[in-house]
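Encoded as structure tokens, the structure appears first; notes follow it.
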Amino acid sequence: MTDEPTCGRGLAANAALPGKIAELSAALAEVLERHMKALDLSDEHSRREHALYDRLAREHRDAAAALADTAARMAAARDLPMGRHDMAAMADAAMGAAFERFVRREEELLQLLQSRLDDDRVMLSTMRDEGDWAS
């Protein structure tokens, strides 16, 4: 096989995106599940919170599993033979607009993560200071 770019190699190269989002979603599910253990279920508000967190954790786990499967299929496509393409369709305005939206969503995700990260690090530091654990 040559080192020419192919759609299969492109899919494989992009597999890290759904893979990492899957890991993030699974990690959030774990945080929600562990938070549930701190709730006093004799309190009505805590029971409602517990029920919501339980549902959200399951939904995050389901999403993580689906994204991990997608990432694995994308990575496995590395050696997919290159098929014929209609280059006019590949270069049309709709394709360009779709890719532009994708790039904008990547930028928005990066900005979101950057803005959250400082707050999350502060919370993590506080949890370490108040807890009896260290990573």
*Residue among Arg47, Arg58 that alone is of a type in the set (D, E, K, R) and without any contact (Cβ under 8 Å) to a residue 24 or more places away in the chain*: Arg47
*Starting from residues that are in a loop (DSSP other than H, G, I, E, B) and of a type outside the set (D, E, K, R), keep the ones in segment 71-115 and report whichever is surrounded by the most Cβ atoms within 10 Å (Cβ to Cβ).*
Leu80
*Residues located in segment 87-120, provided they are over 22 Å from Leu24 (Cβ atoms) and either assigned by TED's automatic domain parsing to the domain that holds Ala16 or not acidic (Asp, Glu) (or both)*: Met87, Ala88, Ala89, Met90, Ala91, Ala93, Ala94, Met95, Gly96, Ala97, Ala98, Phe99
*Which ones in segment 1-15 are touching a residue at least 40 places away in the same chain (Cβ under 8 Å) and farther than 12 Å from Ala68 by Cβ?*
Met1, Glu4, Thr6, Cys7, Gly8, Arg9, Leu11, Ala12, Asn14
*Restricting the first residue to segment 22-39 and requiring it to be modelled with pLDDT under 95, which pairs with a second residue that is part of a helix (DSSP H, G or I) meet a Cβ separation below 9 Å and a spacing of at least six or different chains?*
none
*If you check Asp79 against the conditions, is it touching a helix residue (DSSP H, G or I) at 6+ places or on another chain (Cβ under 7 Å) and over 20 Å from Ala22 (Cα atoms)?*
yes
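The values are calculated or read from the model by the stated rules, or taken from the named source; none is laboratory data. Just so you know, these numbers come straight off a predicted model, no measurement behind them. All Cβ positions, glycine included, derive from the backbone under ideal geometry; neighbour counts span all protein chains shown.
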